[in-house]
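Some notes on the structure that comes next.
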């Protein structure tokens, strides 16, 4: 299929490699062009000058950006995604954004004869590389069916949850759990260390016991070697997610005591200039505290 990929950050780059490796015709756009060019050199994909150019011949458009502001600007700019979109195209919005953002963009995409579905994912760069991501989908089932061959290049599980916005809601729900789990692992690990136990042995037991979730397993190296493993998910992005989660909880009246405590710890880590550190370095922040 002819695929446009808008955003070649950590996750987007890994997705691009999987898409091109599966034989799809890939055309990419990234605001920092050199990042897209890095992916192109290793995959043979093309690099577009604008999001509009990337979408001009695409059957499937994937968007993976940092936040709501970047997503909205990329769609609505004069040289943006909507300007280049073709009738019949499916836009898969993978970014972690507010449900209202995708709901607001959906009718604008529809005016071009295309369809927007929200398809955020659960997993990290290593999970993309193994092709085992989980995709949470809101929107039209027929559009999902058209996009499925592309999504399946990097995803093992695809869940259709309902109308546009349902995928975005589920992503915030999942991330509320992941972010709280990350703080819980960090606290427990530092508690064990301060009580005199060996870090690596403690982590072995985390993995072997009831708490040995996939997140605990694939973040092992990051927790055991802080600062030595490439950043997979920065604390600044965690904080952005937590604000979206907080807003959703306020809108729905859901009580989020643990989530709020995790949000406070991450906010303190950002105040300590750790925003560009990996999510796992909450543990390092707690050691210093």
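Quick notes on this structure:
- Candidate set: segment 121-150, residues that are out of contact with any helix residue (DSSP H, G or I) (no Cβ under 9 Å at 6 or more places or on another chain) and in a helix (DSSP H, G or I); chosen: the one surrounded by the most Cβ atoms within 10 Å (Cβ to Cβ): 147
- From the list 106, 126, 130, the one residue that fits, being over 16 Å from residue 173 (Cα atoms), without any contact (Cβ under 8 Å) to a residue 12 or more places away in the chain and in the same structural domain as residue 155 (by TED's automatic domain parsing), is 130.
- For segment 76-88, the candidate set comprises residues that are farther than 8 Å from residue 55 by Cα and not in a helix (DSSP H, G or I); within that set, the residue that is nearest to the chain's Cα centre (by Cα) is 80.
- Scanning segment 200-218 for residues being within 14 Å of residue 280 (Cα to Cα) and over 17 Å from the mean Cα position of the chain (by Cα) gives a total of 3.
- Only residues that are buried (at least 22 other Cβ atoms within 10 Å of the Cβ) and within 27 Å of residue 78 (Cα to Cα) were counted in segment 1-26, giving 12.
- The criterion of at least 1 residues that are within 15 Å of the chain's Cα centre (by Cα) is met, among strands (runs of 3 or more DSSP E) falling completely within segment 1-75, by 2-6, 60-63.
- Considering segment 242-283, and only residues there that are in contact with a strand residue (DSSP E or B) (Cβ under 9 Å, 6 or more places away or on another chain) and under 13 Å from residue 183 (Cα atoms), the residue that is surrounded by the fewest Cβ atoms within 10 Å (Cβ to Cβ) turns out to be 278.
- Filtering segment 186-227 to residues that are free of Cβ contacts under 8 Å to residues at least 24 places away in the same chain, in contact with a helix residue (DSSP H, G or I) (Cβ under 8 Å, 6 or more places away or on another chain) and in a loop (DSSP other than H, G, I, E, B) leaves only 212.
- Per the listing 218, 203, the residue uniquely assigned by TED's automatic domain parsing to the domain that holds residue 174 and buried (at least 18 other Cβ atoms within 10 Å of the Cβ) is 203.
- Extreme residue, surrounded by the most Cβ atoms within 10 Å (Cβ to Cβ), among residues of segment 160-179 that are over 16 Å from the mean Cα position of the chain (by Cα) and in contact (Cβ under 8 Å) with a residue 24 or more places away in the chain: 164
- When segment 68-77 is limited to residues that are touching a residue at least 24 places away in the same chain (Cβ under 8 Å) and surrounded by fewer than 19 Cβ atoms within 10 Å (Cβ to Cβ), the one that is farthest from residue 145 (Cα to Cα) turns out to be 77.
- Residues being within 22 Å of residue 153 (Cβ to Cβ) and either touching a helix residue (DSSP H, G or I) at 6+ places or on another chain (Cβ under 7 Å) or crowded, with 23+ Cβ neighbours inside 10 Å (or both) - total across segment 39-67: 19
- Considering (1) touching a residue at least 12 places away in the same chain (Cβ under 8 Å); (2) more than 16 Å from the chain's Cα centre (by Cα); (3) closer than 25 Å to residue 70 by Cα, the lone condition that residue 146 does not fulfil carries the number (3).
The values are calculated or read from the model by the stated rules, or taken from the named source; none is laboratory data. Predicted model, so just to flag it, every value in this text is computed and none were measured. Here the Cβ is made from the backbone with ideal geometry for all residues, glycine too, and neighbour counts use every protein chain on show.
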